[in-house]
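K.L.:
Pasting a structure here, questions to come.
The values are calculated or read from the model by the stated rules, or taken from the named source; none is laboratory data. Please read all numbers here as calculations on a predicted model, not as lab measurements. All Cβ positions, even for glycine, are placed from backbone atoms using ideal geometry, and neighbour counts span all protein chains on display. Note: accessible area is taken over every heavy atom of the protein model, side chains too, but ligands, DNA and RNA are not part of it. Shrake-Rupley method; radii C 1.70, N 1.55, O 1.52, S 1.80 Å.
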Amino acid sequence: MSDTINISRRFFLKAGSAAAVVMATGGVRMLAYAKEDNTEVFAGWVEVTPDNKVHILFPSTEMGQGSNTALPQILADELNADWDQVEIKQLNKDDRRFGNPAFGNILYTAGSSGVYAYFTILREAGAHLRDMMRQRVADEWSVNFNSVIAENNYIKHSSSGRQMSFGKAISLPDFSTTALRSPVVLKEKSDYTLIGKSIPRRDIPDKATGRAMFAIDVRVPDMLYASVIRSPVEGETVESLNDEKARGARDVVDVITLPDGVAVIAKTMHASFVGRFSLEVTWTETSKYRKYSSESTIAEYRQIARSEEAGAEWRAVGDVKSALKNADATLDAMYTSDYAYHAQLEPMACVASVDDDGKGAEIWAGTQTQSWTTHTAKEVLGTTEDRIKLNMMQMGGGFGRRTELMQNYVRDVLLCSKAVKKPVKVVWLRPDDLKHGAFRPAAAQYMQAGFNSDNAMTAFYHRVATPSVIAYFNPIRWGQVKPNDVVSMRGAENKFYDFDNFTAEHVITERHARILPWRGIGAAYTSFAAEAFIDEVAAKSGVSPYDLRMKLLRNNPRGTHLLKKVSEMANKVPLKEGRGRGIAFAGYGDTQSAGIVEISVNESAGTIKVHHVWIAVDAGKIISPDNAHNQIEGGVLWGVSASLYERITITNGLVDQENYFNYPILRHDMAPKIEVYIAKNDFKPKQVGEAGNPMVAPAISNALFNITGRRIRHLPFTSDNVKKALS
Amino acid sequence: MISFKINGKTIETDADPDTLLLVYLREIAGLTGTKYGCGAAMCGACMVHLDGQPMFSCQLSISAVQGRNIKTIEGMSENGEHPLQKAWVEEQVPQCGYCQSGQIMRAAALLESNPSPTEEEIKSWMNTNLCRCSTYNRIVKAVQRASREMSS
């Protein structure tokens, strides 16, 4: 791919005329239009105003990952903007011109994709506007285009010392019809001024004062509050309702039956709770999901994983079946994992104000997608996009929870507001959020390896039995990608290693619970099975886990570098008595991560403590190193939490857990020391946000083996599971 | 009528006496820096100071705080000048940020009683407060930084 963009024709036109196009790498894209006042808009991505401010559009949504700063930083670099004059504007529309190329231009913030997917587009936008200003000012001064530069919000002519602010440049007559006479050239990597710098995040000061506004914080005039009791099992509806007490309660305005719940709407939040808890509801109790319990589900998935049932091929190299048949020896193992909950600290919450005609609404929501929140509103109100006004709020954690095509927390508030013709806020209580959550799917993974007469591995076969997450949470997307489910399968491709014969396949099982993407998606469990099994293979081959991985990485210098590096980091710290270490090599998408953990185990209590984690990550060019560091640390600790504690169990369709007391997550005192190494290079930027967690579970299980000689093959490693593994 | 002080200002309210202090602060007083996370004293997002002591505001009704002094994150400083708030920015602690008001309120109570806590003391004191983004290690660094600044 060339860094030069070919301009097909003059690309910057006055408002009212057709929007211009540029030929960019990969095709034609709408890029530019101009507004009628003296404000120039380049592709809508960036706007310079006469007061010399630069306004950069943020197309994703912010849930803690920091792309609210990192994405504008990329554009500002190419524009040579003065960062202090940059203002960041949230995109509050389902405007596919700004969509995420990693997801077919849907406005969708997931998969750690923001930086890598928007990297080139943002640079192109910044470079175009930069060169337009250079050209127009060069013409004004009657000097050569190449003799003027853009620097810190000024166009400068060095030989004469003249300079003009961006704000003045765009105010020059006929600026918007300035014709570029040479192709726009993106900066050399050595000329980056902002990319690669740890610029403080823009959202952080307000997060230290309590001023940061989340959807749950929104208050609008005349707003009412709704509290919703939901059907206990998916697919059930209200059979009978006695709402007499609720209707008689102080400040209660109305009681409304929803598709799968009942809402009490009141003037105060307190009254909505009082009313909600006074409802007497019976449910249809006819859902097929009442047949399912997590334990029997996992047992069923195990059977399917081990069966002959054909799976959808996810990735294959060589001929794994023949290699297994011809092997001198084989090894197999079954790995299983429970459902897991997002446990984001801000429960589902939304505010909406539906117009009196019921066909339009203003919505304040924290979701990972402008597109699907708009879709939800259109479906619920039976309306068109122009009647929906979104306010995309930052989220108190996303982690995949806020990605669905149909968002029932948005749906409910719209239905309530429509009914009472007033703005309404809905807040899910924590038990609602947990019991009506949608989870990382349960999975069973059957692993097989073949060996030659020297006990060297010749085949690696990975069968993942789990439902399709995409088929459930986004049927439209499933229609496009079936049978390839990246959410269920990520990690199983195992593409960093060089196998002679390898197959990973997805045996798509029946869904028994609500499921959603969850931090790390498939890699949160596929990397556990793959990397714990690699240690089993190493033992069978009689080589060290480190040496086997080095051999598998022999054609992957970037991976080899990470494994060496992480090993050096850990070797500097003497291993303490009574502790053990485990290694794993995983990553996320194109990002590679090598990790080592140090743990101790209390064998009689069945408890594991993680003391120290070393991680080496190669995510290509890093936009904001400090934020990347924070994300990787967060990912590692997410992995520790998931490994040690996190388990949703379901009994006859009902989720057993209800709050943090029976769905514990990692707390301060159990957070290990973490040392992070991030490779410095100029390769294309790749995923950061989910690169930390996939390697943690296998590294812990491998460490447990190194201490006790016993394998643990079920995630999470709660005390009952650890005791079972050790007995 | 129930009367109490929020951030030094006297409040008189005829709200239902059973209203949770957390709900009162957020939805009636408009002080949304204090967050709802679990309603079960398990997460600490709702942490405020009650007569100087850290408290889960989800566990108190307004009738229980009659005549008492409440301090919320909004009462920590005019504009984020408290050493802990400055340290939170310096160390770039927050990710999603939702738990951080509670973390700061919890840490402030620690530094008032123990101006130079050890790392272990910080971790054990802060154990009441969950951070799902897992900014735990940076929180420790920020508390240490604020402690140094406050004692110098």
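K.L.:
Please report the relative contact order for chain A, taking Cα pairs under 8 Å with a sequence separation of at least 6, and give it as a percent rounded to a whole number. Please list the in-between numbers first.
P.N.:
Values: 1691 pairs, mean separation 93.7, N = 727.
The value is 13 percent.
K.L.:
Can you list the aspartates and glutamates whose alpha carbon sits under 18 Å from that of A:LYS288, skipping same-chain ones fewer than 8 residues off?
P.N.:
A:GLU234, A:GLU236, A:GLU239, A:ASP260, A:GLU300, A:GLU510, A:ASP656
K.L.:
Still on this model: For A:ASP222, A:ASP618, give me the order by solvent-accessible area with a 1.4 Å probe, most accessible first, ignoring ligands, DNA and RNA. It would help to have the intermediate numbers written out before the result.
P.N.:
Numbers: A:ASP222 110, A:ASP618 5 Å².
Output order, biggest surface exposure first: A:ASP222, A:ASP618.
K.L.:
How large, in percent, is the carbon and sulfur part of the accessible surface of the protein assembly as shown at a probe radius of 1.4 Å? Don't skip to the end; give the middle numbers.
P.N.:
Details: 15050 of 31510 Å².
Exposed carbon and sulfur together represent 48 percent of the surface.
K.L.:
Give me the net charge for the shell around B:PHE4: Cβ to Cβ below 11 angstrom, other residues only, Lys and Arg +1, Asp and Glu -1. Working shown, then result.
P.N.:
On the way: positive: B:LYS5, B:LYS9, B:ARG68; negative: B:GLU12, B:ASP51.
Around B:PHE4, the surrounding residues sum to +1.
K.L.:
To the nearest 0.05, how large is the calculated FRET efficiency for A:ASN146 and B:THR118 if R₀ is 56 Å and r is the Cβ-Cβ distance?
P.N.:
Details: r = 61 Å, r/R0 = 1.08.
After rounding, the FRET efficiency stands at 0.40.
K.L.:
Percent of Cα-Cα pairs per 10 Å bin, from 0 to the last occupied bin, for the stretch A:558-659, please list those.
P.N.:
Reading upward from the zero bin: 12, 37, 29, 16, 5, 0.
K.L.:
Another question, then. Suppose a student asked you for the relative contact order of the stretch B:83-151, using Cα pairs under 8 Å spaced at least 6 residues apart; what percent would you report?
P.N.:
On the way: 64 pairs, mean separation 35.8, N = 69.
It comes to 52 percent, rounded to a whole number.
K.L.:
Keeping all protein chains in position, work out how much accessible area A:ARG713 exposes to a 1.4 Å probe, and write it in Å² to the nearest 10.
P.N.:
About 90 Å², ignoring ligands and nucleic acids.
K.L.:
Enter the accessible area of A:PHE439 (Å², nearest 10), with the probe set to 1.4 Å and all protein chains included.
P.N.:
The value for A:PHE439 is about 0 Å².
K.L.:
Please list, by residue number, everything in the stretch A:416-434 whose backbone N is under 19 Å from a paramagnetic label point 7 Å out along Cα→Cβ of A:THR237.
P.N.:
A:416, A:419, by backbone N distance to the label point.
K.L.:
Also, quick follow-up: For B:VAL65, what is the net charge nearby, where nearby means another residue's Cβ is under 10 Å from its Cβ and Lys, Arg count +1, Asp, Glu -1?
P.N.:
Details: positive: B:LYS5, B:ARG68; negative: B:ASP51.
With Lys, Arg at +1 and Asp, Glu at -1, the neighbours total +1.
K.L.:
Using protein chains only (no ligands, no nucleic acids) and a 1.4 Å probe, work out which residues of the stretch A:197-215 have their accessible area cut by at least 30 Å² relative to the chain alone.
P.N.:
Buried by the other chains: A:ILE204, A:LYS207, A:ALA208, A:THR209, A:GLY210, A:ARG211, A:PHE214.
K.L.:
Now for a different question. How many Å² of accessible surface get buried when B and A come together, counting both sides, probe radius 1.4 Å, rounded to the nearest 100? Working shown, then result.
P.N.:
Working: alone 7970 and 28240 Å², together 31510 Å².
Between B and A, the summed buried area is about 4700 Å².
K.L.:
Further question on the same structure: Measuring from label point to label point, each 7 Å out along Cα→Cβ, what is the B:ASP18 to A:ASP319 span in nm?
P.N.:
That separation, rounded to one decimal, is 7.4 nm.
K.L.:
Give me the percent relative contact order of the stretch A:378-517, please, defined on Cα pairs under 8 angstrom at least 6 residues apart. The partial results should precede the final answer.
P.N.:
Numbers: 159 pairs, mean separation 37.8, N = 140.
Computed value for the stretch A:378-517: 27 percent relative contact order.
K.L.:
Could you list the GluC sites (Glu not before Pro) in the stretch A:428-510 that lie in coil according to DSSP, counting only those with at most 16 other Cβ atoms within 10 Å of their Cβ?
P.N.:
On the way: sites: A:GLU493, A:GLU505, A:GLU510; in loops: A:GLU493, A:GLU510.
Those that pass, being in a loop and sparsely packed, are A:GLU510.
K.L.:
Leaving out ligands and nucleic acids, and using a 1.4 Å probe, what accessible area per residue does the stretch B:2-75 come to in Å²? Mind showing how you got there, number by number?
P.N.:
Numbers: 2640 Å² over 74 residues.
Solvent-accessible surface per residue comes out at 36 Å².
K.L.:
Same structure again: Is the stretch A:452-565 best put as rounded, prolate or oblate by its Cα gyration tensor, with a ≥ b ≥ c the root eigenvalues, rounded for a/c under 1.5, and otherwise prolate when a/b is larger than b/c, oblate when not? It would help to have the intermediate numbers written out before the result.
P.N.:
Details: a/c = 2.54, a/b = 2.07, b/c = 1.23.
Note, shape of the stretch A:452-565 comes out prolate.
K.L.:
What value, in deg cm²/dmol to 500, does the helix sum -39500 (n - 2.57) over DSSP H runs of n ≥ 4 give at 222 nm once divided by the residues of chain A?
P.N.:
Values: 20 runs with 215 residues, N = 727.
Calculated at 222 nm, the ellipticity per residue is -9000 deg cm²/dmol.
K.L.:
Continuing with this model, one more query. Which parts of the stretch A:239-281, residue by residue, lose 20 Å² or more of accessible area when the rest of the protein chains are there, as against the chain isolated (1.4 Å probe)?
P.N.:
The answer is A:ARG250, A:MET269, A:HIS270.
K.L.:
By DSSP, what percent of the beta bridges with both residues in chain A are antiparallel, rounded to the nearest 5?
P.N.:
Working: 95 of 125 bridges.
The antiparallel fraction comes to roughly 75 percent.
K.L.:
Could you please report the charge total around A:GLU493, scoring K, R as +1 and D, E as -1 over all other residues with beta-carbon less than 14 angstrom from its beta-carbon? Could the numbers behind the result be given before it?
P.N.:
Numbers: positive: A:ARG315, A:ARG463, A:ARG490, A:LYS495; negative: A:GLU313, A:ASP485, A:ASP498, A:GLU505, A:GLU531, A:ASP590.
Neighbour charge sum, excluding A:GLU493 itself: -2.
K.L.:
Kindly report the accessible area of the stretch A:72-222 per residue (heavy atoms of protein chains, probe 1.4 Å, no ligands, DNA or RNA), in Å². Spell out each step's value before the answer.
P.N.:
On the way: 5930 Å² over 151 residues.
Here the residues of the stretch A:72-222 average 39 Å² of exposed surface.
K.L.:
Also, quick follow-up: At a probe radius of 1.4 Å, what is the per-residue accessible area of A:SER171, in Å² to the nearest 10?
P.N.:
40
K.L.:
Okay, next question. Cα-Cα over 23 Å: which of A:LYS435/A:LYS723; A:LYS565/A:LYS686; A:LYS565/B:LYS123; A:LYS389/A:LYS418; A:LYS207/B:LYS123? Walk me through the numbers before you get to the answer.
P.N.:
Values: A:LYS435/A:LYS723 28 Å; A:LYS565/A:LYS686 20 Å; A:LYS565/B:LYS123 29 Å; A:LYS389/A:LYS418 15 Å; A:LYS207/B:LYS123 21 Å.
Table pairs above 23 Å Cα-Cα are A:LYS435/A:LYS723; A:LYS565/B:LYS123.
K.L.:
Give the ranking of A:ASP386, A:ASP432 by solvent-accessible surface, highest area first, calculated with a 1.4 Å probe. Walk me through the numbers before you get to the answer.
P.N.:
On the way: A:ASP386 125, A:ASP432 15 Å².
Of A:ASP386, A:ASP432, the descending order of accessible area is A:ASP386, A:ASP432.
K.L.:
Let's test this: bin the Cα-Cα distances of chain A at 10 Å from zero up to the farthest pair and state each bin's percent.
P.N.:
For chain A, the binned pair fractions read 3, 14, 22, 23, 19, 13, 6, 1, 0 percent.
K.L.:
A follow-up question, please. Work out how far the C-alpha atoms of the stretch B:83-151 reach from end to end along every principal axis, then list the three figures in whole Å, largest first.
P.N.:
Computed over the Cα atoms, the extents are 30, 23, 17 Å.
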